[in-house]
């Protein structure tokens with residue numbers, strides 16, 4: 001397989017970023033977008049680059065490829081225990097065309113979701129990128145990313161490139177510096193529902209653990225910077241259990257029994273909203289899409305989505321897609337009154353930003 005390189009600056013399609021906190025329902029949009037023939041649906045590319053330097057800067061092709069292909073310490077730690085949340089590459093059930101990264105191999109960020117979202121033979125596409133990306137000239141990161149989008153397009157020029165990553169709202173400012181003309185779909189949901197969903201998700205649990213380790217030891221031992229040390233052997237009083245979760249010491253049993261309070265996920269959600277919400281562009285470059293509106297009126301939401309993207313409409317396809325979107329679990333009924341009150345307090349800052357003071361309860 002080879003990847004093309006024919007788009008000039010003038011020939012590039014517009015780009016749209018779908019930004020959200022994670023667990024807000026945006027994954028459903030990727031499936032909707034992938035079916036549209038005029039859309040290049042890029043899924044979880046920037047989620048795979050979380051914690052890495054996305055500042056616009058000059059780099060050569062080898063450095064760019066390392067950015068895309070170097071496994072995350074945190075993801076690798078979970079994968080060792082056969083935990084691979086939301087990874088669509090068949091790490092545990094390899095098949096023809098998708099067996100190169102079968103467990104216990106580490107999984108490159110771009111191979112986890114981005115490539116399987118586009119092809120049933122992600123190994124072939126990965127090999128083509130691996131061969132060609134390191135040969136790219138020294139150029140800004142944004143130019144490398146445009147090369148990647150073209151490579152993922154399979155030789156066609158789509159009407160629009162749409163990148164959707166869970167948990168990307170905190171990256172808003174950095175992404176808009178890379179793509180200053182991008183349109184943005186801000187996908188959001190009641191923070192308490194997001195937090196409850198996060199609490200059931202191993203990657204978000206480890207993110208919460210990383211924050212707690214950082215507070216205890218003054219740095220994140222899962223950080224991507226070369227030479228990040230293990231926590232010191234002298235454990236601060238009261239942090240003995242937390243230290244068991246550091247890389248090199250983590251076990252599945254320790255991870256499973258460690259309890260992260262639900263309110264901490266609410267605070268994580270609120271902080272992400274506080275970081276990303278002020279950086280969102282103004283209308284008409286912004287479409288705000290509430291998950292609640294999506295499940296209550298999926299046809300209207302899907303039609304608003306494609307109208308915003310400016311691509312051709314197919315009402316029969318949109319009706320079929322809408323029929324596949326259903327309401328999730330009732331978060332309120334699953335949480336006791338006291339814990340719900342604590343969760344509401346932890347989400348208040350973010351909820352006020354999204355819905356306005358006094359406009360929610």
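The values are calculated or read from the model by the stated rules, or taken from the named source; none is laboratory data. It should be emphasised that the depicted structure is a prediction, and the values quoted were computed from it without experimental measurement. Methodologically, a virtual Cβ is constructed for each residue, glycine included, from the backbone with ideal geometry; neighbour enumeration extends over all protein chains shown.
The table below lists the values:
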{"item": "Conditions (1) touching a strand residue (DSSP E or B) at 6+ places or on another chain (Cβ under 7 Å); (2) closer than 26 Å to residue 174 by Cβ; (3) not in a helix (DSSP H, G or I): number failed by residue 308", "result": "(3)"}
{"item": "Counted residues, the range 133-159 - those being touching a helix residue (DSSP H, G or I) at 6+ places or on another chain (Cβ under 6 Å), surrounded by fewer than 19 Cβ atoms within 10 Å (Cβ to Cβ) and over 19 Å from residue 49 (Cα atoms)", "result": "1"}
{"item": "Residue under evaluation residue 157, criteria (1) closer than 21 Å to residue 40 by Cβ; (2) in contact (Cβ under 8 Å) with a residue 12 or more places away in the chain; (3) assigned to a helix (DSSP H, G or I), criterion not met", "result": "(3)"}
{"item": "Criterion: farther than 30 Å from residue 279 by Cα, in contact (Cβ under 8 Å) with a residue 40 or more places away in the chain, surrounded by 11 or more Cβ atoms within 10 Å (Cβ to Cβ) and more than 23 Å from the chain's Cα centre (by Cα) - qualifying residue of 335, 311", "result": "335"}
{"item": "Matching entry among 250, 242 (being in contact with a helix residue (DSSP H, G or I) (Cβ under 7 Å, 6 or more places away or on another chain), assigned to a loop (DSSP other than H, G, I, E, B) and either at pLDDT 70 or above or within 30 Å of residue 334 (Cα to Cα) (or both))", "result": "250"}
{"item": "Qualifying residue in the range 257-266 (condition: out of contact with any helix residue (DSSP H, G or I) (no Cβ under 8 Å at 6 or more places or on another chain), outside any loop (DSSP other than H, G, I, E, B) and at negative phi)", "result": "yes"}
{"item": "Count of residues meeting criterion [farther than 30 Å from residue 307 by Cβ and either buried (at least 20 other Cβ atoms within 10 Å of the Cβ) or free of Cβ contacts under 8 Å to residues at least 12 places away in the same chain (or both)] in the range 181-208", "result": "11"}
{"item": "Selection within the range 160-180 - surrounded by fewer than 16 Cβ atoms within 10 Å (Cβ to Cβ) and assigned to a loop (DSSP other than H, G, I, E, B)", "result": "180"}
{"item": "Residue identified as surrounded by 15 or more Cβ atoms within 10 Å (Cβ to Cβ) and part of a strand (DSSP E or B) among 83, 18, 32", "result": "18"}
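Residues checked against (1) in contact with a helix residue (DSSP H, G or I) (Cβ under 7 Å, 6 or more places away or on another chain); (2) within 18 Å of residue 42 (Cα to Cα):
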residue: 57; (1), (2): yes, no
residue: 60; (1), (2): no, no
residue: 64; (1), (2): yes, yes
residue: 67; (1), (2): yes, yes
residue: 74; (1), (2): yes, no
residue: 81; (1), (2): yes, no
residue: 89; (1), (2): yes, yes
residue: 97; (1), (2): yes, no
residue: 111; (1), (2): yes, yes
